[in-house]
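Colleague: Handing you this structure, nothing more for now.
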Protein chains: 6
Amino acid sequence: MTEQKISHLNSQGEVQMVDVSLKSVTSRTAIASGKVLLNPTALETILKQKNPKGDLIATAKIAGIMGAKQTSSLIPLCHPLPLQKIAIDIHLNQDNYCYEISASTKTNAETGVEMEALTAVSIAALTLYDMLKAIDKSITITDIKLVSKTGGKSDYNRK
Amino acid sequence: MTEQKISHLNSQGEVQMVDVSLKSVTSRTAIASGKVLLNPTALETILKQKNPKGDLIATAKIAGIMGAKQTSSLIPLCHPLPLQKIAIDIHLNQDNYCYEISASTKTNAETGVEMEALTAVSIAALTLYDMLKAIDKSITITDIKLVSKTGGKSDYNRK
Amino acid sequence: MTEQKISHLNSQGEVQMVDVSLKSVTSRTAIASGKVLLNPTALETILKQKNPKGDLIATAKIAGIMGAKQTSSLIPLCHPLPLQKIAIDIHLNQDNYCYEISASTKTNAETGVEMEALTAVSIAALTLYDMLKAIDKSITITDIKLVSKTGGKSDYNRK
Amino acid sequence: MTEQKISHLNSQGEVQMVDVSLKSVTSRTAIASGKVLLNPTALETILKQKNPKGDLIATAKIAGIMGAKQTSSLIPLCHPLPLQKIAIDIHLNQDNYCYEISASTKTNAETGVEMEALTAVSIAALTLYDMLKAIDKSITITDIKLVSKTGGKSDYNRK
Amino acid sequence: MTEQKISHLNSQGEVQMVDVSLKSVTSRTAIASGKVLLNPTALETILKQKNPKGDLIATAKIAGIMGAKQTSSLIPLCHPLPLQKIAIDIHLNQDNYCYEISASTKTNAETGVEMEALTAVSIAALTLYDMLKAIDKSITITDIKLVSKTGGKSDYNRK
Amino acid sequence: MTEQKISHLNSQGEVQMVDVSLKSVTSRTAIASGKVLLNPTALETILKQKNPKGDLIATAKIAGIMGAKQTSSLIPLCHPLPLQKIAIDIHLNQDNYCYEISASTKTNAETGVEMEALTAVSIAALTLYDMLKAIDKSITITDIKLVSKTGGKSDYNRK
């Protein structure tokens, strides 16, 4: 099954950056998502705040956008990419005691923007954690995954 | 209940960096953990590789350590801290089809090192994702949480 | 007049980082301020927006705080400092058609935190500029200055 | 008046990075300028230095060039751009007791390089401030503005 | 002899970033190399280690790859470039008591990737130094040079 | 011989950051040096320039100082340190057709500043290379080494 090869390992099993010089530049998109689970008391405290939907979420979104731009500095084998769009949506889901985060990215490049979308979600989640840790040390960041991507060899849609 | 206050919001509900100038410098530690879930085929591919425990894991560990050092650049309201130790452990748990990551951090400062440990885990997890995404697009990063911390107002041990 | 020496030039007139190893660690603060001047039409557009005091200002504040943490990476001869506090206040002064920005910083170090406060103001101002440039290309950033500092050889209060 | 929309706010008034994926890649330039005002005594001290035109100005220019390359890391909603040119000119205007700074930038991209030129001016100004603060705490950075830009939807020339 | 002009100095002898806006985008490669000299006792210690070819070398390679991506942030007059490939090879040459490092880079841009290859070698060498300094303070990093480059005005092959 | 242990490898031969939390904070210094070898024609071209001692050297010094401040971001297992001094000296040695670079660093920390001094030399050397590569592709960076260090368990002076 030729598909199943770890592209970041060479024939000696050593890590390598994938050479993308022979791939063509195409328009590519990716969407990733994740969750930040809160305990019930923390959720209540957040809901009682004056402006919790404002600055808390704006701060996490800005952090996610700025984090996405650092992806190739943070992830050793990622290629630096021009980014045409990074959009982050953060929603407080009261029924499930969690913040739901999703990030959408676009580029025009030889390689995909999945890692940028996943990094955006991760940094936004860590930022929510940081701002809420004083009221809930049991916060869990979970379910960070790729939702879809387009523009590469084959599109992907998570079922 | 005075404990339950979001320290990163001021009285107007605006975000703020907490002023730590009146807190005393103490020795502080934190441990965080997380998981990277694989599908069974991906696990099999990894196990068949020549050197999968070597370079894949070394790369993720290095990325986690370097990521931890960027915590205050990535998380908007984090204070820059001197770091005395960052140790990352990554273990391939075959029974549960996942990598288990844990990070342990130490500082001597006015504020804690939880975010550094959580950032180390997150960046190590994203790095594994990046290197394995060619064989498994359904990888999920999950269960990122604080395991314990010492040295602040009160110690914490997750139950 | 021995006071009047450019400390960042050595006896040959070459730039140098000042050696602070013989200065004692003290608690230091600084306050800086600046303005972003708008044309009347831009001000009107801002005032008509749904949420202009929210996200625009939160974004500029976050950028200023994060920029302050990059001061020693941006300004060649600045020493890296631990930062205990960075607070930014941004106020839309309708009478004077401008945003007024002020930043307050604290450290415990051998050298002052003026540059951190000034960098915070500058980056917050540039961020407002960036978000508003589509409605006003004539925006001017002006009056960036040190308001006060304490904790060094002598305190300073701008008259 | 449809022109007057804050492009960085979506319909809910939340900040967003503008999606430039549908804009075409064109050659773009920008010029920005700014001033660093000195008190008369500081100017005199500078003029008496052995090599003030050399290293002080070279350092501020280097800082401005390097700062311009960090624009998209510093300004939350800026797109990372390839930069084809960053030129900075710094001139000591003795009659007006100030340094005059101008920065000129070029790219070939979907969006403009104004922020890079403005960031270059701001960081060069802060660097002059830093090197001269020992002789003049009253230095003011002022008049940072866009002088001209070409290559976008419409050219701009400040009157 | 018109060839012999320092392109980074303007007609006044002031440093400048070269304007590449009129150069055409071409596929470009570069290879650089360098050495890390060890004393005989250090070499022996390394050879006796359980896993010295694994993690030591993987760490230095990762550092070199990540360092190459920071080239334009580190070298003042370098243009930010998209990078299509960074490959680093590190070999312990026991006969000559040294590590031999080579780095190969590729881009599609208006200007060359020599500095990225040379920076990769330098950071990989510094990383080996850092990890081995406890057993050998006399380590010397040497012979860092360009081996070849293609894609610019003229190709180069070091004799 | 207990001295001869690679401190950055644990008992399994895996890389690790050394835990410095039990080491005491002391005043530490380091000096490193290196050379940039030129061919005779390049040297001649440099000597004929109007202002070659000014901006070329100032730029390389600034780059070295700024590079030293990035040491812990570049070298994976380095601890972030407060830096009290970074001084760089660059001298054009005409008799030996080379630039001689030396860097001197100081801190007050649990661990040494050798890597900061070596990184300063390396980045200054790469910067000279970058600015001179148009007139000499055969430039070699060589002899980067630690000259001395004080303040740790034992002082070191290279013979």
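Colleague: Every residue in region E:58-86 that is more than 26 Å from F:Ala134 (Cβ to Cβ) and free of Cβ contacts under 8 Å to residues at least 40 places away in the same chain, please. So that I can check it myself, show each step before the final result.
Modeller: Taking region E:58-86 as the starting set, the residues that turn out to be more than 26 Å from F:Ala134 (Cβ to Cβ) are E:58-63, E:65-66.
E:Ala58, E:Ile62 - these are the residues of region E:58-86 that are more than 26 Å from F:Ala134 (Cβ to Cβ) and free of Cβ contacts under 8 Å to residues at least 40 places away in the same chain.
Colleague: When region A:125-135 is examined, which residues are found to be among the acidic types (Asp, Glu) and more than 7 Å from chain B (Cβ to nearest Cβ)? Quick ask: steps written out before the conclusion?
Modeller: Let us first name the residues in region A:125-135 that are among the acidic types (Asp, Glu), namely A:130.
Within region A:125-135, none qualify.
Colleague: Just to be sure I understand, how many residues within region E:86-135 are more than 19 Å from F:Gly67 (Cα to Cα), open to solvent by 10 Å² or more (accessible area, probe 1.4 Å) and assigned to a helix (DSSP H, G or I)?
Modeller: 0
Colleague: If you don't mind, another one. Among the residues of region F:24-42, which ones are at pLDDT 95 or above and open to solvent by less than 10 Å² (accessible area, probe 1.4 Å)?
Modeller: F:Ala30, F:Ala32, F:Gly34, F:Val36
Colleague: Name the single residue that is surrounded by the most Cβ atoms within 10 Å (Cβ to Cβ) among those in region E:6-22 being touching a residue at least 24 places away in the same chain (Cβ under 8 Å) and closer than 17 Å to D:Thr26 by Cβ. Before you say what the answer is, go through the steps one by one.
Modeller: Narrowing region E:6-22 to residues touching a residue at least 24 places away in the same chain (Cβ under 8 Å): E:8, E:15-18, E:20-21.
Now drop any that are not closer than 17 Å to D:Thr26 by Cβ, which leaves E:20-21.
Values: E:Val20: 19, E:Ser21: 15.
Among them, the one singled out is E:Val20.
Colleague: Kindly check whether there is at least one residue in region E:111-133 that is of a type in the set (Gly, Ala, Ser) and over 22 Å from F:Ile139 (Cβ atoms). Can you show your working first?
Modeller: Within region E:111-133, the first condition is being of a type in the set (Gly, Ala, Ser), and the residues that meet it are E:112, E:117, E:120, E:122, E:124-125.
Still in the list and also over 22 Å from F:Ile139 (Cβ atoms): none.
No - not one qualifying residue is present in region E:111-133.
Colleague: Then there is this: Being under 17 Å from the mean Cα position of the chain (by Cα), small (Gly, Ala, Ser) and facing chain F (nearest Cβ under 7 Å) is true for just one of E:Ser102, E:Ser122, E:Ser138. Which residue is that? Full working, then the answer.
Modeller: On the way: E:Ser102 fails: facing chain F (nearest Cβ under 7 Å); E:Ser138 fails: under 17 Å from the mean Cα position of the chain (by Cα).
After applying the criteria, what remains is E:Ser122.
Colleague: Please tell me if F:Thr107 is at the interface with another protein chain (Cβ under 9 Å from one of its Cβ atoms) and more than 12 Å from the chain's Cα centre (by Cα). Talk me through it step by step, then tell me what you get.
Modeller: Numbers: at the interface with another protein chain (Cβ under 9 Å from one of its Cβ atoms): yes; more than 12 Å from the chain's Cα centre (by Cα): yes.
When the stated conditions are applied, F:Thr107 passes them.
Colleague: Would you mind stating whether B:Lys149 is closer than 30 Å to C:Ile88 by Cβ, at pLDDT 95 or above, touching a strand residue (DSSP E or B) at 6+ places or on another chain (Cβ under 7 Å) and in a strand (DSSP E or B)? It would help to see each step written out before you state the result.
Modeller: On the way: closer than 30 Å to C:Ile88 by Cβ: yes; at pLDDT 95 or above: yes; touching a strand residue (DSSP E or B) at 6+ places or on another chain (Cβ under 7 Å): yes; in a strand (DSSP E or B): yes.
In short, yes.
Colleague: Next question. Considering each of E:Asp19, E:Asp89 in turn, give the residue that is acidic (Asp, Glu) and touching a Ser or Thr at 6+ places or on another chain (Cβ under 6 Å).
Modeller: Details: E:Asp19 fails: touching a Ser or Thr at 6+ places or on another chain (Cβ under 6 Å).
That would be E:Asp89, the only listed residue that is acidic (Asp, Glu) and touching a Ser or Thr at 6+ places or on another chain (Cβ under 6 Å).
Colleague: Would you call C:Gln49 free of Cβ contacts under 8 Å to residues at least 12 places away in the same chain, within 8 Å of another protein chain (Cβ to nearest Cβ) and open to solvent by 20 Å² or more (accessible area, probe 1.4 Å)? It would help to see each step written out before you state the result.
Modeller: Working: free of Cβ contacts under 8 Å to residues at least 12 places away in the same chain: yes; within 8 Å of another protein chain (Cβ to nearest Cβ): yes; open to solvent by 20 Å² or more (accessible area, probe 1.4 Å): yes.
Answer is yes for this residue.
The values are calculated or read from the model by the stated rules, or taken from the named source; none is laboratory data. Here the structure is a predicted model, which means the values were calculated and not measured. Neighbour counts run over all protein chains shown; Cβ positions are idealised from the backbone, glycine included. Note: accessible area is taken over every heavy atom of the protein model, side chains too, but ligands, DNA and RNA are not part of it. Shrake-Rupley method; radii C 1.70, N 1.55, O 1.52, S 1.80 Å.
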